[in-house]
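Data first, discussion second: the structure below is written as structure tokens.
Just so it is clear, none of the values below were taken in a lab; they were calculated from the coordinates. Just so you know, these numbers come straight off a predicted model, no measurement behind them. Note: ideal-geometry Cβ built from the backbone for every residue, glycine included; neighbour counts use all protein chains shown.
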């Protein structure tokens, strides 16, 4: 994957599609109970990838329903990246053998860094990515419920040194509340470490997406804004297609959506 990628998100808890506000398990909104159908909607809109998070696993809850939902999502034919609750070799192996293209390591990358080494050695850098949730520049773990003394930069540098090349950075304060994506932090981390960064958290407008792409980041994850109709995937993918066809210096087609 070399081009900028838009990742629509499906967050799973007890098999349902949910979104949390600022990662708080008590501030949950349910958006549906048919993840496969939602994946089909994303595919029909032009998506090639879907970002799936196993919130039940992240919170140490029973994740059986989420794995069943993952099967349905995979059957749609989208490329799937998956994270949440991957804390050991077994929970890493299962989604990859199910057909997931790439898994994300968050808490495990901090608590058991040797798992990152093992995963890279067995599956390769294209299938293993970092997942950094941050609050005020400090890394959060265990479903973003526990703080650490580690800076985003320190963790990013360590991940890159271990062979990780893809990484998501989420500003926990912005996630699920539509306050705008933190582009600058992701750009800084990409420059400092060499990681190929995907921005997440707070995306609420087409302008947010444009800022992420124009900053040179590799992708953006969009969740609540899609479910609440503030962003249309069809418009986004139409915009991307037009932009690819236009020469430098011509009018930006996205501007018509921002009037």
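Treat the count of other C-beta atoms within 10 Å as a stand-in for reagent exposure and order 86, 120, 6 from fewest to most.
Neighbour counts put them in this order, fewest first: 120, 6, 86.
Distance between the C-alpha centers of the range 1-68 and the range 74-114? Whole Å please.
If you average the Cα positions of each part, the centres end up 14 Å apart.
State the antiparallel share, in %, of DSSP beta bridges confined to the range 5-242, rounding to the nearest 5.
On the way: 14 of 46 bridges.
Roughly 30 percent of the DSSP beta bridges within the range 5-242 come out antiparallel.
Using a simple spin-label model with points 7 Å from Cα along the Cα→Cβ vector, what separation in nm is obtained for residue 48 and residue 123?
Output for this residue pair reads 2.1 nm.
Given springs between every Cα pair under 10 Å in a Gaussian network model of the chain, which of 53, 110, 41 has the largest fluctuation?
41
Mind putting together the pair-distance distribution for the range 69-111? All Cα pairs, 10 Å bins, whole percent per bin, short to long.
P(r) over the range 69-111, rounded to whole percents: 29, 53, 17, 1.
May I ask for the Rg/Rh ratio of the chain, computed from Cα atoms with Rh as the Kirkwood radius, given to two decimals?
0.94
Rounded to the nearest 0.05, what FRET efficiency is calculated for residue 98 and residue 146 with R0 set to 30 Å and r the Cβ-Cβ distance? Write down the numbers at each step before the final one.
On the way: r = 28 Å, r/R0 = 0.94.
After rounding to 0.05, the efficiency reads 0.60.
Tell me, what is the percent relative contact order of the chain, built from C-alpha pairs under 8 Å that lie six or more residues apart?
Computed value for the chain: 17 percent relative contact order.
Where does each of 191, 16, 43 land when they are ranked from fewest to most other beta-carbon atoms within 10 angstrom?
Details: 191 11, 16 19, 43 16.
Ordered by Cβ neighbours within 10 Å, fewest first: 191, 43, 16.
Taking R0 as 35 Å, what FRET efficiency do you get between residue 205 and residue 26 from their Cβ-Cβ distance, rounded to the nearest 0.05?
Computed FRET efficiency for residue 205 and residue 26 comes out at 0.85.
Quick check on the range 97-203: of the DSSP beta bridges with both residues there, what percent are antiparallel, nearest 5%?
In the range 97-203, approximately 30 percent of DSSP beta bridges are antiparallel ones.
Per-residue ellipticity at 222 nm for the chain, helices alone: DSSP H runs ≥ 4 residues times -39500 (n - 2.57), over residue total, nearest 500 deg cm²/dmol?
The per-residue figure over the chain is -10500 deg cm²/dmol.
For labels at residue 228 and residue 64 in the simple 7 Å Cα→Cβ model, what's the distance in nm?
In this crude spin-label approximation the distance works out to 3.5 nm.
Using alpha-carbon pairs under 8 Å, 6+ residues apart, how would you state the relative contact order of the range 56-203 in percent? Could the numbers behind the result be given before it?
Numbers: 251 pairs, mean separation 25.2, N = 148.
The normalised contact order for the range 56-203 reaches 17 percent.
Using the number of other C-beta atoms within 10 angstrom as an exposure proxy, rank 123, 160 with the fewest first.
The order, fewest Cβ neighbours first, is 123, 160.
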